[in-house]
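J.: Below is the structure I would like to discuss, written out as structure tokens.
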Amino acid sequence: MPEGTYHRALKAEAEVVDGNLNDLLWDLTLYRHAMQRIVDALWDLDRVPNRSQMHQLFYQLLRSYGFRAHVARNIYDYALALVKATKSNNGSRPVLRRLSARLDYQDARVELDKGIVKVILRDKWYTLKLKHRRDYVEKFRGLRWKEVHVKYENSKLFVSVIFEFKYHPYVPRNIIALDINLKTIVAYNGFGVRRFKTRFADALSKRKRAEELQRKYPKRWRYNKRILNRVRELHRKARSIVVDWSWKLAKQIVLKALRRGHAIALEDLNGLRKRANNVSDVVVWKFTMFAYRKLQHAIMAKALEYGVPVIIVDPKGTSSVCPICGHKLTYIHRLAICERCSFIADRDTVGAMNIWLRALHAHAGACGLPPSAPPVKDETRQRGRKQMRG
């Protein structure tokens, strides 16, 4: 990942300590309703208007709802971005379901020393108390905040504060390559292999059980409360297992790389998505890609937090060529054999070794691994001769 400015989010449950929760929920409801009206209007247009035209079309409408001038501008800006993104991806008409709002410095105040966030949508300020560990909140002290997101979901109020920070990764001394699979994750650093057992299979079993219930009751599961709750619970557990385990392993890997001064090499998931047409079990494939994305996102987020370098490589052919001589491998089940150099290893180890080699070649050409000695210049040679003569 290139160095530069990135974003981190402080996410916490919150409670209203100054103001009325029902009034805040009403403001969020109006916010959603107004944005949905703008999205519907934009969706029916043949050509998406520019920002100046958006102001002429919707500013007075939003002001009639009682929104502050800056909140009104933010609403039609976000609606315009949502419609553009959805149409570019050939999606269907967006439907806003969650009660949420995005506010910036003109409509929010963040006071981390007191653990509170103040927001305003129309004519009332609300003070929200962050319900999170103090040591976690202190990690964001000194960072410049950019946006505040307020969301009401499952009868709980949540606040996310988006901070900007500078990412300056160190120059690595080595690379840890990760080959991610459904059951194990293989790490290779050029000297040895280490394996981590995943919980993806446990989560997949719950996901497949939910799919079985939906196939068994193709119509009833939507309307039968008992079946619907069971399906939702299985999906929730599967997602929670993946997310929680991914963050725990990501922190373990990143801290290990930080202690040793290593970079982390990962596969480019865009290349893996191209294999979706050749898979037999679509459910397993979609869940595997979901788990891979969550783990990669967690690793990259933790790497940004601790300043650890991350290298993304093309995954094409990482399990099909020999990491020693480059010859095409022959497989017996998951055991790879090279007929040219007699190299033998399992498929996951081969993938991790090839990822390490590709990351090493890519990184050495960019900023380089630290040289063992500085280059010798003419002045150094002359100074050395004088010392020898003396």
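All of the numbers you see were taken from the coordinates with simple rules; none came from a lab. Because the structure is a prediction, the values reported are computed rather than measured. As a convention, Cβ positions derive from the backbone with ideal geometry for all residues, glycine included, and neighbour counts pool all protein chains shown.
J.: Quick one: angle between helix 51-64 and the longest Cα principal axis of the chain, in degrees between 0 and 90, rounded to 10, please.
T.: 40 degrees
J.: What distance in nm separates the two pseudo spin-label positions at R133 and Y306, each 7 Å out from Cα along the beta-carbon direction?
T.: 1.5 nm
J.: Let me ask another. Quick check: the angle from helix 347-366's long axis to the longest principal axis of the chain, C-alpha only, nearest 10 degrees?
T.: It works out to around 90 degrees.
J.: Continuing with the same structure: In the neighborhood of Y59, defined by Cβ-to-Cβ distances under 14 Å, what is the net charge if each Lys or Arg adds +1 and each Asp or Glu adds -1? Mind showing how you got there, number by number?
T.: Values: positive: R37, R51, R63, R68, R73; negative: D77.
Residues close to Y59 contribute a combined charge of +4.
J.: While we're here: Each residue of the range 311-319 in turn: what ³J(HN,Hα) in whole Hz from Karplus with 6.51, -1.76, 1.60 and θ = phi - 60°, glycine and Pro shown as x?
T.: 3J(HN,Hα) across the range 311-319, in whole Hz: 10, 9, 10, 6, x, 5, x, 5, 9.
J.: Which whole-number percent of Cα pairs in the range 174-366 have a distance greater than 29 Å? Before the final figure, lay out the partial values.
T.: Numbers: 5716 of 18528 pairs.
Percentage above 29 Å: 31.
J.: Roughly how many Å is it from the Cα centre of the range 147-211 to that of the range 40-94, as a whole number?
T.: One Cα centre to the other: 34 Å.
J.: FRET efficiency for R98 and K316, Cβ-Cβ distance as r, R0 = 41 Å, nearest 0.05? Numbers along the way, then the final one.
T.: Working: r = 38 Å, r/R0 = 0.93.
The computed FRET efficiency comes out at 0.60.
J.: Can you give the calculated 222 nm mean residue ellipticity of the chain, where each DSSP H run of n ≥ 4 adds -39,500 (n - 2.57) and the sum is split over every residue, rounded to the nearest 500 deg cm²/dmol? Before the final figure, lay out the partial values.
T.: Numbers: 11 runs with 181 residues, N = 390.
Calculated mean residue ellipticity at 222 nm is -15500 deg cm²/dmol.
J.: Let me ask another. Whole percent per 5 Å bin, from 0 to the bin with the longest distance: what is P(r) over all C-alpha pairs of the range 4-167?
T.: Spelled out bin by bin, the range 4-167 gives 1, 8, 17, 19, 18, 16, 11, 7, 2, 0, 0 percent.
J.: Right, here's the next one. Kindly express, to the nearest 10 degrees and within the range 0 to 90, the angle between helix 21-43's C-alpha long axis and the longest C-alpha principal axis of the chain.
T.: Between helix and principal axis, roughly 80 degrees.
J.: Give the residues of the range 160-183 whose amide nitrogen is closer than 18 Å to a point set 7 Å from the Cα of S205 in the direction of its Cβ.
T.: Residues passing the 18 Å test: 182-183.
J.: For the cross-link pairs K84/K146; K11/K237; K118/K156; K87/K225, which exceed 26 Å when the distance is taken from alpha carbon to alpha carbon? Let's see the in-between values first.
T.: Details: K84/K146 23 Å; K11/K237 21 Å; K118/K156 17 Å; K87/K225 35 Å.
Cα-Cα > 26 Å for K87/K225; rest within.
J.: Beta carbons within 10 angstrom, averaged per residue: use that to sort the peptides 224-230, 31-37, highest first.
T.: On the way: 224-230: 12.3, 31-37: 18.1.
The most tightly packed comes first, giving 31-37, 224-230.
J.: PRE reach from Y78 (point 7 Å along Cα→Cβ): which of the range 97-132 fall under 13 Å by backbone N?
T.: 97-105, 107-108, 120-122
J.: Once amide H atoms are built 1.01 Å from N in the peptide plane, which residues 5 or more positions from L335, or in another chain, come under 5 Å H to H?
T.: Here nothing satisfies the definition.
J.: D for the chain, whole µm²/s, Stokes-Einstein with Kirkwood Rh over alpha-carbon pairs at 20 °C and 1.002 mPa s: what number?
T.: Numbers: Rh = 25.2 Å.
It comes out at roughly 85 µm²/s.
J.: For the range 1-84, which semi-axes, largest first and in whole Å, follow from the square roots of 5 times the eigenvalues of its Cα gyration tensor? Mind showing how you got there, number by number?
T.: On the way: eigenvalues 132, 102, 26 Å².
So the equivalent ellipsoid measures 26, 23, 11 Å along its semi-axes.
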